[in-house]
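For reference, the structure is listed below as C-alpha cells.
The values are calculated or read from the model by the stated rules, or taken from the named source; none is laboratory data. Nothing here was measured: the structure is a model prediction, and the numbers come from that model. Here Cβ is always computed from backbone atoms with ideal geometry, including for glycine, and neighbour counts include all displayed protein chains. All accessible areas refer to the heavy atoms of the entire protein, side chains included, with ligands and DNA or RNA removed. Shrake-Rupley method; radii C 1.70, N 1.55, O 1.52, S 1.80 Å.
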Amino acid sequence: MRRLLCLVLASGMLLAYTAAQEKVYIRGRVLDSDLQPLSGAVVSDGYGILIAVSGPDGRFGFSATAGDSLYLSVSHLGYRETVEKIEIPQADTEILIVMERQPGVLPEVTIVNNFSDLRRRNEPVTTETADRVYLEMNRGGSLMTSLSAIPGISSIEIGSGHSKPLIRGLGFNRIVVVENGIRHEGQQWGADHGLEIDQYAVERIEVVKGPASVLYGSDAIGGVLRIHQDPVPAAGTLSGSIELTGRSNNNLIGGSAWLAGRSKRFFITSRFTALDYADYRIPADSVEIYSYHVMLNDRRLRNTAGKEMNLHASAGYLVPGLLARLSASAVTSRSGFFANAHGLEPRRVDTDLYDESDRDILFPSQNVSHLKLMGHTTWEKGIYRLESEAGYQKNFRQENNHYVNHGYMPAVFPGTPDGPPHLEREFEKDIFSLNVRNFFEAGNRHSVSLGLNAGYQDNSTGGYAFIIPDFTQFNTGVYLYNRINTGRHTSLHTGIRYDYGRVQTREDVDWFATPVENPGTGEYEEVFLTRAEALDREFGSLSLSAGFIYSGSNLFLKANAGKGFRMPTPKELAANGVNYHYFRYEKGDSSLDAEVSWQLDLNAGYDAGDFRAEVSPFVSYSPDYIYLDPTYRHDFLYGAGNQIFEYVQNEVLRTGGEVRLRYRPLRFLVAELTGDYIYAEQLSGNKKGFTIPFSPAPSVRLNLLYSPKGKGLLNDPYAGVELVYTLKQSRIVPPEKETPAYELLHLSAGGTFKFNNTELDINIRVQNLLNRKYFNHVSYYRLINAPESGRNFILSVKVPLSVAN
C-alpha cells in the first residue's frame, strides 16, 4: 500500500512539473472609496489561498496561467471583502480594485457575503462561514452557542460558559477543530470537557459538514471547524477595539480588548479577554435527579458560576512572497458543576453554604488551562506556494471534589496518591504538531496540493479516581489533492491520503490495596490490582474523496463521496472507572478496530438575488461505529453499584440534511427559514434498531431581519425576530430520555452610533423571551432533568479605535 501511495504522489508531482503552461504577470492596485491607496490588503483566491498582499502604494502582483479564470478575494480590516472574477489574458495586464467600508450588520442567521457564498459554491463539501460581524451579533455563552443557529450545528451545553461542538450529530473525537492551521487538542473525549477557545479572538470560522479526512486525517469523519485569527494589519497603522458584554441570566460581566499595529514589514496583534459569571437560572423551582428531589434557591443551579481569562499575542514579518507569523495564547477558566449532581449518586449538599453567594465556586469544580505556541510561514514564488505550521500545546485540567471512597478505597484519604485530598482527577497533555502543504499549478485549469501532517501527544493523569491511563499517541499522514476545472462552470476534485497512528497506554495499578483470596491457602491477601494493562496498538488506513461542482450564475450543484478514518481513543481502548458526571461505570475494549465511515454529500442551490433556496442531504455508513453501550450489569465493587457501560462496535447508518430558504421582499426586510434533520440507526449488535447517543432532534428556525437606512447619529440599524421550533426526540438509547418538543422566541437589535469621531457598535439580544422551560436533548445536564437557561438579556458594546501612524 505504501509503495502504491508513493507512486501516486510521484505521478502527481511529475504531472505538475511537466504540464505547466505559459505564465503572465498580473499587476493590481487596491484603493479605498476616496481613491486613496490601501496598504496591507490581503489578496487570495476563491479557496482562501493567499496570493499577495498590497504594498504601501496599494499595489500587488502575481503570476497566473494565460487563458485561465480566477476569483480574487480582497480583504482588509475595516472594509467589505471584495470578490472579482477575472479572465487571465494572454499578456501581462493591470487591474484596479476599489474597496468600500465594512457594513455594520449582516442578516442574523444568513451568514453569507460574497466571500462566504463563493466558498459555499466552490468547496466540494457543504461549508458554512461565520465572520466576526455574525459572531458579535449572536454572542452566546461560548463559541458553539454562538454558532448554534447554523443548520446542522448543535452543541453539548456544559452549564452557561462551556460547550462542545456537534456537526450533524457527531462530536467528541469525530470532528476536528483547527485554529490558525493547527489542530486543537484537549481532552475532547469527555462530555464535560468544553472547547478551550476564546470566542472573542475568532475573526472567521468555517464549518465543514461531512468527511474531511483526506485533508485533516483521523477524527475528521464528521466535519471540521476552521478557526482563523486576526488578519494582518494595514501598514503604518495602530488600531484596536474594546468590547464590553453583560448577560442577565447568570449576571455575566466581561469584555475583550484588542490592539494591533504594523510598520511596513513588521506587525503585532494582541488581545485580552476576561469574564466573570454567577450561577445560571432555569425556569424551574426544583430538579428531580433520578427520583431525588432537589429544591433550588432563586431558580439557580447552585455552583455553576465561573471565571475566564485569556491572553493572545502574535508578531509577524511580511514582504512580497513571504509571510511569517508567530502566535501565542493562554486560555484559562475555573468553573463549578451543579453541586447536587456529581459523585457516586445524587446527594444532599449544604444548601446554606452553597446558596450564600451565587458567584462563589465550591466543590465540585474544574480548573482548565490551555497554552498554545504556533508558527506559520507562507512562501510563494511563481506557480508554487509552500505553507507550514509548527505548534506546541499544553492542556492542563483538574477536577476537584470532596473525597468519597468506594470499593476498597480507604474511608479517609491517607495522603497518597500525591496531591491534595480534593483532587479527584488531573489530566496534563503535551501536544506537538507539524503541517506542510505545497500548492502549485499543474497546467491550465489544474491545481495540485501535496501535504504532510504529524502530531504527537503525551498525556499523564493524577488524582484519587481512575478513568483512563497515561498514554502517548502519534499520528502522521500524507495526502495528494487535485482540482481540475473541466469547464467554465464545472470542476472535479479528487483526493487520496494514507494515515498511520500508534497508541500506547501505560500500566496503571491501584494506589490502594484490595483483599483477594489466595486459591492455594484460602486466605485473603492485600493486593494492588492492575486497573489498566500496558497497551501498544498501531492503525493505518487509506482515505479517499471525489467531488463534482457545477456553479452557474443562479444554480449550483455539488456532489462529494468520501471514505473517512478514525483511530480509537485511549478512553475507548482502556477506560475502567466511574464517570462521576453521569453516575455510570465505563469500560474500554483494547481490541477495538479503527472506525471507518463512507459518506455521500449533495448540495444544491438556486440564487436569484432576492430569493435563495438550498438543500444539503447526506447519507453515511459505518461498519464499525464505536460508542458507549449500556449493559444490564452493575459494578458493586469499584462502581458503588453504578450501571456498567462498555465500548462496542456496530454497523450504523446515518442520513439527513439541511434546508435553507431566504427571501427579500423589500430592500430593508429579509426572511429566512432553515431546518435540519438527522436519522441514525444501528444495524447490528444488541442495540440493533436503536439510534446512536447524542442524536439531536429535528429543528426549524424562522428569522425576520429589518434593516432600514440609518439616519443622523444611527448607522446600520437592525431589528430581528427568531422563532425556533424543535421537534420531540423519541428515538433514544437508554438511559437517555425522550425529550419533548419546544418553541423559543429570540429578539435582537442594534446599530452603530456615531458621536463626532467616536463610534459605538451596540448589539442587544434577548434569548428565550417567553422564559420557556425546555430540555435540550444533547445537553450535558439532560440526564438529570435540568432544563436549559431561562430568559437572558445580552448587551454588547464595542468601541473601535483606529490611529494612523
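So Arg359 ticks every box in (1) assigned to a strand (DSSP E or B); (2) in contact (Cβ under 8 Å) with a residue 60 or more places away in the chain but one. Which box is left unticked? Going through (1) assigned to a strand (DSSP E or B); (2) in contact (Cβ under 8 Å) with a residue 60 or more places away in the chain one by one, Arg359 breaks only (1).
Criterion first (out of contact with any helix residue (DSSP H, G or I) (no Cβ under 9 Å at 6 or more places or on another chain), among the basic types (Lys, Arg), touching a residue at least 60 places away in the same chain (Cβ under 8 Å) and open to solvent by 10 Å² or more (accessible area, probe 1.4 Å)) does Arg174 satisfy it? In short, yes. Hey, does region 776-784 have a residue that's out of contact with any His (no Cβ under 6 Å at 6 or more places or on another chain) and open to solvent by 40 Å² or more (accessible area, probe 1.4 Å)? No, region 776-784 has no match at all. For region 402-450, the set of residues classified as among the aromatic types (Phe, Trp, Tyr) and more than 30 Å from Ile88 (Cα to Cα) consists of Tyr403, Tyr408, Phe413, Phe427, Phe432, listed by residue number. If you go through region 363-376 one residue at a time, do you hit one that is open to solvent by 40 Å² or more (accessible area, probe 1.4 Å), assigned to a loop (DSSP other than H, G, I, E, B), at pLDDT 90 or above and more than 30 Å from Val319 (Cβ to Cβ)? So far as region 363-376 goes, yes, one or more of its residues are open to solvent by 40 Å² or more (accessible area, probe 1.4 Å), assigned to a loop (DSSP other than H, G, I, E, B), at pLDDT 90 or above and more than 30 Å from Val319 (Cβ to Cβ). Here the strands (runs of 3 or more DSSP E) wholly within region 595-680 that include at least 3 residues being of a type in the set (Gly, Ala, Ser) and buried (at least 16 other Cβ atoms within 10 Å of the Cβ) are 611-635. Set side by side, the residues Val133, Val109 differ, and just one is surrounded by fewer than 21 Cβ atoms within 10 Å (Cβ to Cβ), out of contact with any Ser or Thr (no Cβ under 6 Å at 6 or more places or on another chain) and modelled with pLDDT under 85, which is Val133.
Put simply, of Asp219, Asp276 the only residue that is part of a loop (DSSP other than H, G, I, E, B) and either modelled with pLDDT under 90 or closer than 26 Å to Ala330 by Cβ (or both) is Asp219. In the condition set (1) over 23 Å from the mean Cα position of the chain (by Cα); (2) within 30 Å of Asp629 (Cβ to Cβ); (3) among the hydrophobic types (A, V, I, L, M, F, W, C); (4) not in a helix (DSSP H, G or I), Leu573 is compliant with all but (4). Look at region 460-473: where a residue is touching a residue at least 40 places away in the same chain (Cβ under 8 Å) and open to solvent by less than 20 Å² (accessible area, probe 1.4 Å) and a partner is in a loop (DSSP other than H, G, I, E, B) and basic (Lys, Arg), sitting 6+ places away or on another chain with Cβ atoms under 8 Å, you get Pro469/Arg506; Phe471/Arg506.
The rows are residues; the columns are (1) open to solvent by less than 10 Å² (accessible area, probe 1.4 Å); (2) among the acidic types (Asp, Glu); (3) over 30 Å from Gly58 (Cβ atoms); (4) assigned by the TED database to the domain that holds Tyr582.
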| residue | (1), (2), (3), (4) |
| --- | --- |
| Trp258 | no, no, no, yes |
| Asp285 | no, yes, yes, yes |
| Asn303 | yes, no, yes, yes |
| Arg334 | no, no, yes, yes |
| Arg348 | no, no, yes, yes |
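Can we say Ser447 is under 30 Å from Ser63 (Cα atoms) and either charged (D, E, K, R) or open to solvent by 70 Å² or more (accessible area, probe 1.4 Å) (or both)? Here the answer is no, as Ser447 does not meet what is asked. Could you tell me whether any residue of region 236-246 is crowded, with 23+ Cβ neighbours inside 10 Å, in contact (Cβ under 8 Å) with a residue 40 or more places away in the chain and of a type outside the set (S, T, N, Q)? No - not one qualifying residue is present in region 236-246. Is region 746-766 home to any residue that is under 30 Å from Gln649 (Cα atoms) and either touching a His at 6+ places or on another chain (Cβ under 7 Å) or aromatic (Phe, Trp, Tyr) (or both)? No; the residues of region 746-766 include none that is under 30 Å from Gln649 (Cα atoms) and either touching a His at 6+ places or on another chain (Cβ under 7 Å) or aromatic (Phe, Trp, Tyr) (or both). Close contacts from region 623-647, counting a first residue that is free of Cβ contacts under 8 Å to residues at least 24 places away in the same chain and a second that is open to solvent by less than 30 Å² (accessible area, probe 1.4 Å) and hydrophobic (A, V, I, L, M, F, W, C), with Cβ to Cβ under 6 Å and a gap of 6+ residues or different chains, come to Thr631/Ile644; Arg633/Ile644.
Just so you know, in region 729-749 the residues that are open to solvent by less than 20 Å² (accessible area, probe 1.4 Å), of a type outside the set (Ser, Thr, Tyr) and over 17 Å from Gly790 (Cα atoms) include one that is modelled with the highest pLDDT, and it is Gln729. Among the residues making up region 139-171, those that are hydroxyl-bearing (Ser, Thr, Tyr) and open to solvent by less than 10 Å² (accessible area, probe 1.4 Å) are Ser146, Ser155, Ser163. For region 391-425, a tally of residues being surrounded by 17 or more Cβ atoms within 10 Å (Cβ to Cβ) and in a strand (DSSP E or B) returns 11.
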